[in-house]
Number of protein chains: 2
Amino acid sequence: MHEARTARPVVRGTMGLPVVGMVGGGQLSRMTHQASIALGLSLRVLADATHDSAALVANGVTVGDHTSLEDLRAFAQGCEVVTFDHEHVPGGLLEALEDDGLTIHPGSAALRHAQDKVVMRERLAALGVPVPPFTPVATVRDIEGFAQHIGWPLVLKAATGGYDGHGVWVVHSAGEAAEVVAGGIRLVAEQLMPLRRELAAVVARSPYGQGAAWPVVETVQSGGICVEVVAPAPGLSEELALEAQGLALRLADELAVVGILAVELFETADGLVVNELAMRPHNSAHWTIEGSRTSQFEQHLRAVLDYPLGATTATAPWVVMANVLGGDGEAPDLDRRLHLLYGRDPALKVHLYGKTIRPGRKIGHVTALGSDLEDVRDRARAGAAYLREGVWPT
Amino acid sequence: MHEARTARPVVRGTMGLPVVGMVGGGQLSRMTHQASIALGLSLRVLADATHDSAALVANGVTVGDHTSLEDLRAFAQGCEVVTFDHEHVPGGLLEALEDDGLTIHPGSAALRHAQDKVVMRERLAALGVPVPPFTPVATVRDIEGFAQHIGWPLVLKAATGGYDGHGVWVVHSAGEAAEVVAGGIRLVAEQLMPLRRELAAVVARSPYGQGAAWPVVETVQSGGICVEVVAPAPGLSEELALEAQGLALRLADELAVVGILAVELFETADGLVVNELAMRPHNSAHWTIEGSRTSQFEQHLRAVLDYPLGATTATAPWVVMANVLGGDGEAPDLDRRLHLLYGRDPALKVHLYGKTIRPGRKIGHVTALGSDLEDVRDRARAGAAYLREGVWPT
């Protein structure tokens with residue numbers, strides 16, 4: 001599917017290069033800003049507050065409300081292209097901006113598949129893409145009916161707004177389901193898939209229709225939060241890797257995604273099953289900053305500007321990224337921990353997000369690269385654990 | 001030479017991490033800011049103007065005069081450590097800031113060797129480091145006297161303030177020398193060295209005394225401006241490479257440099273001769289952004305904060321950086337050229353500085369990496385030439 005080159009409004013910054021705006025001031029925006037500096041761009045950020053992760057380091061920061069059409073309009077009119085570091089801008093507002101003639105990537109029609117799990121599941125099923133057995137549910141009776149087919153336990157998910165394990169419940173009985181239903185949010189019920197592991201296929205797509213895929217990775221979750229990503233996924237057959245990449249590229253094309261598309265997958269005994277979609281730079285591809293010739297943040301910018309995409313060649317046989325989560329207890333002396341970490345592992349790459357440290361919050365990540373998977377994984381795990389806990393794992 | 005850990009005033013930013021200020025808003029500051037984002041820091045920049053290269057992309061920008069003690073004082077008091085993207089802060093002002101108890105890296109005592117070529121030449125000669133035959137000169141008669149020993153042509157250099165070929169004259173006669181003398185600036189005369197090529201040895205040193213060296217590179221100049229850097233220097237013997245690295249590490253230690261020290265060298269039939277010193281991130285190490293596990297910009301920050309230094313391992317067998325200079329004629333449609341460049345070479349890494357394009361001005365650089373030197377060099381040259389001229393070299 002090829003569209004004509006987008007005729008976007010011309011809003012130019014320094015060196016006559018386009019101005020890109022990103023809605024959301026989190027770490028994805030922070031790292032996109034970092035990538036934009038090399039490309040000669042000046043990323044503009046619409047942040048919730050001046051202490052947002054990206055707002056601390058970018059020059060063109062607007063503080064505003066991403067659920068206010070007025071704020072979005074004012075922000076977008078200063079940009080040639082607007083993109084997102086989250087999925088929380090209501091679809092109706094995105095459509096209104098598009099009706100204004102503003103260029104939004106990914107567009108509202110694509111983005112709804114990352115905003116609403118019911119829309120996503122139904123579309124993927126219609127495309128013949130493997131997804132877990134699912135059904136939208138409104139009542140406990142709906143859930144019990146679904147359980148008669150697929151059994152307990154099953155998974156309930158908030159149709160919209162979930163992240164990092166929030167909005168996902170594994171329920172073992174009608175009683176447990178009733179507690180979730182009592183929350184009064186739209187839900188979808190899914191089979192709890194028996195899985196070997198989780199994978200992610202991350203690709204980019206430009207308006208012109210060019211696609212580019214990174215190697216498929218293994219993602220390791222703990223408590224619903226991604227804690228580790230291994231690139232490439234160890235022991236994955238070439239057949240499955242190509243299938244996952246092909247699936248992600250096909251979905252990017254079918255859904256007309258512009259920018260990054262991350263497809264979270266379950267590897268099961270029967271093959272690959274799509275879990276979630278995200279249409280923005282994604283935690284499962286932070287490893288690309290050092291581990292790929294083109295990082296996902298640079299690639300996202302190239303895609304939304306309809307530049308030809310960058311090479312996705314890996315720069316090392318193995319790359320492992322481990323998230324740094326806020327530990328329990330008092331805020332640590334992070335500066336001291338960095339001293340000791342840098343001394344112990346001079347080749348580890350540290351990324352910190354400038355965020356207030358709270359238990360379980362993603363405050364950074366570390367990346368290790370090398371030719372020995374065990375060594376690389378041990379180093380990434382040790383670095384992340386030390387920054388979190390202040391003790392080296394044994 | 002080891003000093004005690006610096007007891008710097010505690011000025012902390014986000015996550016309890018130190019605040020680093022950089023005097024100067026050029027591309028070195030811009031790329032240092034980019035590196036500071038990953039380290040969780042918020043680089044503060046003292047810029048000449050809001051449109052300076054770094055001021056366009058950094059959040060904490062102060063516009064002020066780097067020759068005003070008042071401006072420097074106000075800036076430095078908001079920082080735990082102050083460092084520099086140029087050598088133009090007068091030494092007396094640096095000493096005044098140090099007398100205030102502020103932490104300046106590199107310090108005034110080190111920096112004068114990068115500020116004054118007479119001081120540098122005399123110190124290096126006293127240390128037994130090979131330098132070209134030289135003498136400070138004030139009159140044409142002084143120059144004629146020097147020429148009687150080493151012959152014409154010879155080189156005259158401005159003792160202070162030169163850069164990119166400015167402040168360097170090759171003179172063939174007393175008449176030509178008289179024109180330079182008429183400029184009324186302090187001069188040093190040097191022998192025009194018969195050289196095979198130019199090299200650079202770039203190292204970092206921390207206050208604690210830790211040193212780290214990158215591979216020695218070949219630098220290619222045109223019209224006094226560095227146009228290309230090849231890492232590592234092709235065909236350089238291990239003996240000479242170790243000598244150059246050892247010399248740079250020794251100088252960093254003897255001069256008590258903190259941060260990056262770039263030693264520009266002549267390779268002559270009789271061995272290595274030191275040409276220039278710079279005590280800040282340097283053009284000859286831009287290749288480290290992608291080509292080394294730790295970039296010079298990250299390393300400079302680690303050094304001035306007295307963090308243990310990062311690994312300087314190369315990430316590819318060959319890395320070539322080519323500077324992008326402003327072409328003659330009208331300002332180009334750089335966006336269009338980027339489209340075509342990205343399409344032709346998806347693995348080339350582009351860095352643009354956000355600067356107004358003027359003929360011969362450094363407006364960016366490109367970096368190519370790979371295992372075939374000729375291919376890597378051709379790609380870097382073609383990319384830089386295309387961005388400059390809008391035509392592919394044949």
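Computed from the coordinates by the stated procedures, all read-outs in this text should not be read as laboratory data. Please read these numbers as outputs of a predicted model, since none were measured by experiment. When we count neighbours, we look across all protein chains shown, and the Cβ atoms used for this are built from the backbone with ideal geometry, even at glycine.
Here are the numbers:
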quantity: For B:G162, distant residues with modelled amide H under 5 Å away; calculated: none
quantity: For the stretch B:273-290, 3J(HN,Hα) per residue [Karplus equation, 6.51 cos²θ - 1.76 cosθ + 1.60, θ = phi - 60°, Hz, x = Gly/Pro]; calculated: 9, 7, 8, 9, 10, 9, 10, 5, x, 9, 3, 6, 10, 4, 4, 6, 4, 9
quantity: Sum of -39500 (n - 2.57) over DSSP H runs of 4+, divided by residues of chain B (222 nm, nearest 500); calculated: -9500 deg cm²/dmol
quantity: Order of B:V188, B:V324, B:V229 - criterion: other Cβ atoms within 10 Å of each residue's Cβ, fewest first; calculated: B:V188, B:V324, B:V229
quantity: Kirkwood-Stokes translational diffusion coefficient of the stretch B:47-183, alpha-carbon pairs, 20 °C, 1.002 mPa s, µm²/s; calculated: 122
quantity: Percent breakdown of C-alpha pair distances by 10 Å bin, ordered from the shortest bin, for chain B; calculated: 5, 22, 32, 27, 13, 1, 0
quantity: FRET efficiency, B:T313 to B:D372 (Cβ-Cβ, R0 25 Å, nearest 0.05); calculated: 0.80
quantity: Radius of gyration and Dmax over the Cα atoms of the stretch A:329-394, both given in Å; calculated: 11.8, 37
quantity: For the protein assembly as shown: Kirkwood Rh in Å [reciprocal of mean 1/r, alpha carbons]; calculated: 27.9
quantity: Residue among A:T367, A:T62, A:T139 with the largest mean-square fluctuation in a Gaussian network model of chain A, springs linking Cα atoms under 10 Å; calculated: A:T139
quantity: DSSP beta bridge pairing in chain A, given as percent antiparallel to the nearest 5; calculated: 85
quantity: In order through the stretch B:263-268: 3J(HN,Hα) via Karplus (6.51 cos²θ - 1.76 cosθ + 1.60), integer Hz, x for Gly, Pro; calculated: 10, 7, 10, 9, 9, 10
quantity: Added length on full extension, which subtracts the Cα-Cα distance from 0.36 nm per residue, B:R73 to B:A331; calculated: 89.0 nm
quantity: Stretch gain in nm, segment A:E238-A:D48, where the contour uses 0.36 nm per residue and the Cα spacing is subtracted; calculated: 64.1 nm
quantity: Å³ per residue enclosed by the Cα convex hull of the stretch A:193-315; calculated: 95
quantity: Violating pairs (Cα-Cα greater than 27 angstrom) within the set A:K349/B:K349; B:K117/B:K362; B:K157/B:K349; calculated: B:K157/B:K349
quantity: B:R250-A:H172 FRET efficiency (beta carbon distance; Förster radius 60 Å; 0.05 resolution); calculated: 0.30
quantity: Footprinting exposure proxy for B:S173, B:S29, B:S284 (fewest neighbouring C-beta atoms within 10 Å first); calculated: B:S173, B:S284, B:S29
quantity: Inter-copy spacing of A:D142 label points, which lie 7 Å from Cα along Cα→Cβ, given in nm from shortest upward; calculated: 8.9
quantity: Nearest-0.05 FRET efficiency for B:W152 and B:E98, computed from C-beta distance (R0 56 Å); calculated: 0.85
quantity: For the stretch B:116-146 versus the stretch A:14-80, the gap between their alpha-carbon centres in whole angstrom; calculated: 52
quantity: Pairwise centroid distance, computed over Cα atoms, of the stretch B:342-394 with the stretch A:174-224, Å; calculated: 40
quantity: Point-charge dipole on Cβ atoms (K/R +1, D/E -1) for chain A, about Cα centre, debye to 20; calculated: 680
quantity: Near-label residues of the stretch A:330-363 by backbone N, under 14 Å of a point 7 Å along Cα→Cβ of B:Y208; calculated: A:335-347
quantity: Cα convex hull of the stretch A:170-210 - mean projected area over all directions, nm²; calculated: 5.6
quantity: Residue mean of other protein chain beta carbons inside 10 Å, B:51-58; calculated: 4
quantity: Average beta-carbon neighbours from other chains, 10 Å sphere, peptide B:380-387; calculated: 0
quantity: Most fluctuating residue given options A:A262, A:A382, A:A109, as computed from a GNM of chain A linking Cα atoms under 10 Å; calculated: A:A109
quantity: Alpha-carbon centroids, the stretch B:235-290 and the stretch A:239-260: separation in whole Å; calculated: 47
quantity: Cα coordinate range in the stretch A:133-191, projected on the principal axes (Å, largest first); calculated: 28, 21, 17
quantity: Relative contact order computed over chain A (Cα-Cα under 8 Å; 6+ residues apart), in percent; calculated: 13
quantity: ³J(HN,Hα), Karplus 6.51/-1.76/1.60, whole Hz, each residue of the stretch A:324-332, x for Gly, Pro; calculated: 9, 9, x, x, 6, x, 5, 4, x
quantity: Sorted by Cβ neighbour density within 10 Å, fewest at the top, the residues A:S222, A:S108, B:S292; calculated: A:S222, A:S108, B:S292
quantity: Distant-in-sequence amide H partners of B:W318 (H built 1.01 Å from N, under 5 Å); calculated: B:G370
quantity: Values of log10 I(q)/I(0), in the order q = 0.21 Å⁻¹, for the stretch A:111-261 under a Debye, Cα-only, solvent-free model; calculated: -1.39
quantity: Stretchable slack from B:V10 to B:T139, in nm (0.36 nm times residue separation minus alpha-carbon distance); calculated: 41.5 nm
quantity: Calculated P(r) of the stretch B:13-106 - Cα pairs past 15 Å, %; calculated: 53
quantity: Pair-distance profile P(r), taking every C-alpha pair of the stretch A:78-128, with 10 angstrom steps and integer %; calculated: 24, 50, 22, 4, 0
quantity: Highest-fluctuation residue, B:A380, B:A174, B:A314 considered, GNM on chain B with Cα pairs under 10 Å; calculated: B:A174
